[in-house]
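One structure is given below, encoded as structure tokens.
The values are calculated or read from the model by the stated rules, or taken from the named source; none is laboratory data. Source: prediction; values computed, not measured. For neighbour counting, all protein chains shown are included, and Cβ atoms are generated from backbone atoms with ideal geometry for every residue, glycine included.
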Amino acid sequence: MKRQSIPVHRMDFQFSHGIEFSYMEMTDEFVEIMMKSDKNIVHRDDYYVFLLLETASAIFSVDFKEIELSEKSIYYIRPGQVHFVSSIKDAKGWFLAIDAMLIENSYKELFEGQFSTQIPIVLESAAIGKMREIAHLLHAVIQAKPTTFTNNIVLNLTNAFIGIIAEQYAQQQENLQYNKTRAVLISQQFKKLLSENFKTIKSPSGYAKMLNYSLSHLNESVKNVTNFPVSYWIHQQIVLEAKRLLFYTNLDIKEIAFKLGYEDYAYFSRLFSKIVGLSPSMFRNKFRE
């Protein structure tokens, strides 16, 4: 059977209220069932996933990178990232799925401003202690009889949980003070727009106009933060999506080019080959061996 698209797990089908929070304790039997489940096929989510693992030996495949999660670690998966669980054993911890619109904007800007695949963070005892307290309280509120205030309490506690994760990822970068500079804020704004518009807007000047900055100012800001210009990140975003479609679907090169906003598939093929060092068909054949 031909794969014409990468499956998308949608919040409205999975979780009715925009938030799902639970404690995972994976026995050998549970893991065996989960690894064979339809939910573990290669897929995207249209919502955020956050993990706090207290004990674990797990490997996730996220956008062609193997991500190893260990004890007392946190991790998140952004909407649209292609992923599945490669292996998992003895995992215990907290799982949160949440609609992006329910996350505080400052936290979401940090997560969406990442220019590469995020890596897990192993928490220090103070941070994991705070997260455990919030997790137990949030779980208790969800399990209790609902009141007029339950939804607001759940949302506030959920964002407190996410806030600590955002804080840890902010601190993971060079230093917190640097990440408050204007250049970083501009870069994060650009990255968010890029992830939403890369199929239709291909020129750096298009993003500069959307952000109401001069092209030179946008380029300088992004290059100061990431060491690469705007055009580099536009091409990287296009190539990443192309790789996803080449590897996980059977769409032909013309169809993939069209999906990515290129009417001239030969131009798309040349661009892909220049950046990746392999033609689209060579990439597909090599990585499907």
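Points to keep in mind about this one:
- Qualifying residue in region 127-138 (condition: in a helix (DSSP H, G or I), out of contact with any Asp or Glu (no Cβ under 7 Å at 6 or more places or on another chain) and among the acidic types (Asp, Glu)): yes
- Restricting region 195-227 to residues that are touching a residue at least 40 places away in the same chain (Cβ under 8 Å) and assigned to a loop (DSSP other than H, G, I, E, B) leaves a set whose member that is surrounded by the most Cβ atoms within 10 Å (Cβ to Cβ) is PHE198.
- Residue under evaluation THR158, criteria (1) at pLDDT below 95; (2) surrounded by 15 or more Cβ atoms within 10 Å (Cβ to Cβ); (3) under 15 Å from HIS17 (Cα atoms), criterion not met: (1)
- Residue match in region 123-132 (condition: touching a residue at least 24 places away in the same chain (Cβ under 8 Å) and hydroxyl-bearing (Ser, Thr, Tyr)): no
Residue-wise test of (1) exposed (fewer than 15 other Cβ atoms within 10 Å of the Cβ); (2) within 22 Å of TYR23 (Cβ to Cβ); (3) β-branched (Val, Ile, Thr); (4) not assigned by TED's automatic domain parsing to the domain that holds PHE198.
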residue	(1), (2), (3), (4)
ARG78	no, no, no, yes
SER87	yes, yes, no, yes
LYS92	yes, yes, no, yes
ILE98	no, yes, yes, yes
LEU102	no, yes, no, yes
LYS108	no, no, no, yes
ILE121	no, yes, yes, yes
SER125	yes, yes, no, yes
ALA140	yes, yes, no, yes
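- Taking the criterion of being out of contact with any helix residue (DSSP H, G or I) (no Cβ under 8 Å at 6 or more places or on another chain) and touching a residue at least 60 places away in the same chain (Cβ under 8 Å), the residues of region 133-164 that qualify are HIS139, ASN151.
- Of SER281, SER273, SER221, SER269, all but one fail to be modelled with pLDDT of 90 or more, more than 20 Å from the chain's Cα centre (by Cα) and under 24 Å from PRO7 (Cα atoms); the exception is SER281.
- Any hit, region 111-118, residues being more than 23 Å from ALA242 (Cα to Cα) and either surrounded by fewer than 16 Cβ atoms within 10 Å (Cβ to Cβ) or modelled with pLDDT of 90 or more (or both): no
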